[in-house]
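Heads up, the thing below is written out as structure tokens.
Each value in this text was obtained by applying a stated rule to the coordinates, not by laboratory testing. It should be emphasised that the depicted structure is a prediction, and the values quoted were computed from it without experimental measurement. So basically every Cβ, Gly included, is an ideal-geometry build from the backbone, and we count neighbours across all protein chains shown.
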Amino acid sequence: MSGSRRPLAKVGVLLSGRGSNFVALQEAMLAGEVPAEIVLVASNLPSAAGLAKARDYGLPTLGLSHRGMSRQEHEEKLIAALRAAGVGWVCLAGYMRLLSPRFVQAFPQRVLNIHPSLLPSFPGLDAQQQAWDHGVRVSGCTVHLVDEGLDSGPIVVQRVVAIDDARHPDEVAARILAEEHLAYPAALRYLLMQSWRLEGRRVVASSPEAVSKKPEKKP
Ligand code: GAR
């Protein structure tokens with residue numbers, strides 16, 4: 001055991017729905033698989049099921065409706081709350097509102113999103129239905145850094161899902177969701193466990209040995 005412990009990264013989660021990706025992240029952190037802790041879970045929908053799940057974990061939550069506010073006003077309040085909580089990384093986990101450049105620039109290269117398709121295919125809403133309608137044989141999920149476009153930032157992790165024998169778009173969504181729950185913790189772990197940089201659109205590990213230091217079993 002090494003005596004020096006890596007400090008835990010402080011993560012803020014934004015969600016709008018049931019929050020299963022938030023739960024996957026939280027469970028991975030509790031299991032010590034990701035060196036981070038969630039310090040705030042916020043939603044633009046105060047009744048989001050994901051917020052109730054966060055309260056069940058005893059995590060600080062913020063329900064901040066966007067109704068009756070300009071996008072800018074809403075985002076300024078979100079940014080202030082995230083900063084007050086000491087957030088260094090923001091994970092979008094089914095947050096169904098577009099973020100302005102101002103928000104992205106408030107946490108440069110530290111906002112992550114998960115999307116239920118193999119980007120750049122099927123950005124935007126209902127990605128699983130888009131994949132079904134298009135008749136693709138494989139789809140999957142993508143965790144990416146958020147830039148100022150729609151689902152367009154540099155890709156960190158993708159997982160592929162065969163859907164050629166799926167019988168309904170709901171089955172496609174369920175298969176992809178199971179992979180999302182693996183991909184999101186893996187992506188955050190990847191970014192936190194080593195230094196990395198962007199080369200154009202590519203996320204490149206600067207010191208890959210940092211993640212391969214587990215003792216190897218001798219045959
Ligand atoms: C997930 O499938 C996520 O990929 C998707 O919303 C769902 C949220 O589920 N996000 C997007 O489509 C963003 N463009 P969850 O609330 O159970 O995590």
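I'd like to compare 138-145, 72-79: which one has the highest average count of other Cβ atoms within 10 Å, and what's the full order after that?
Order by mean packing, descending: 138-145, 72-79.
Given R₀ = 25 Å, what would the calculated FRET efficiency be for residue 129 paired with residue 182, taking r from the Cβ atoms and rounding to 0.05?
Once rounded, the FRET efficiency stands at 0.65.
Using Cα pairs under 8 angstrom and six or more residues apart, how large is the relative contact order of the chain, in percent? Can you show the working numbers first?
On the way: 395 pairs, mean separation 38.4, N = 219.
That works out to 18 percent.
Between rounded, prolate and oblate, where does segment 93-183 land on the alpha carbon gyration tensor, with a ≥ b ≥ c its root eigenvalues, rounded for a/c under 1.5, else prolate if a/b exceeds b/c? Don't skip to the end; give the middle numbers.
Details: a/c = 2.48, a/b = 2.07, b/c = 1.20.
Prolate, since a/c reaches 1.5 and a/b exceeds b/c.
Could you give the C-alpha radius of gyration of segment 96-137 expressed as a fraction of 2.2 N^0.38 Å, taking N as the number of residues it contains?
That works out to 1.45 for segment 96-137.
Which order, highest average first, do 47-56, 191-200 follow once you tally other Cβ atoms within 10 Å for each residue and take the mean per peptide? Intermediate values should be presented prior to the final figure.
Values: 47-56: 17.5, 191-200: 13.7.
By packing density, highest mean first, the sequence is 47-56, 191-200.
So for the pair residue 98, residue 138, with labels modelled 7 Å out along Cα→Cβ, what separation do we get in nm?
Each label point is offset 7 Å from its Cα along the Cβ direction, giving 3.2 nm.
Could you give P(r) for the chain, binned at 5 Å from zero, as whole percent values over all Cα-Cα pairs?
1, 7, 14, 18, 19, 17, 12, 7, 3, 1, 0, 0, 0
Roughly what % of DSSP beta bridges within the chain run antiparallel, to the nearest 5? Spell out each step's value before the answer.
Numbers: 15 of 32 bridges.
If we restrict to bridges inside the chain, about 45 percent are antiparallel.
Answer with one residue from 160, 131, 22: the one whose Cα lies farthest towards the positive end of the charge dipole of the chain, charges on Cβ with Lys, Arg +1 and Asp, Glu -1.
Of the listed residues, the answer is 22.
How long is the gain from residue 199 to residue 69 if the chain were fully straight, where each residue apart is worth 0.36 nm and the alpha carbon distance is subtracted? Numbers along the way, then the final one.
Numbers: separation 130, 0.36 × 130 = 46.80 nm, distance 3.76 nm.
43.0 nm is the gain from fully extending residue 199 to residue 69.
What ranking, highest mean first, results for peptides 38-44, 167-173 when packing means the other Cβ atoms within 10 Å averaged over each residue?
In decreasing order of mean packing, 38-44, 167-173 become 38-44, 167-173.
Where nothing but the Cβ of Lys and Arg (+1) and of Asp and Glu (-1) is charged, how large is the charge dipole of the chain around its Cα centre, in debye to the nearest 20?
It works out to roughly 740 debye.
Is segment 37-129 rounded, prolate or oblate when judged by the Cα gyration tensor, a ≥ b ≥ c being the square roots of its eigenvalues, rounded requiring a/c under 1.5 and prolate requiring a/b larger than b/c?
rounded
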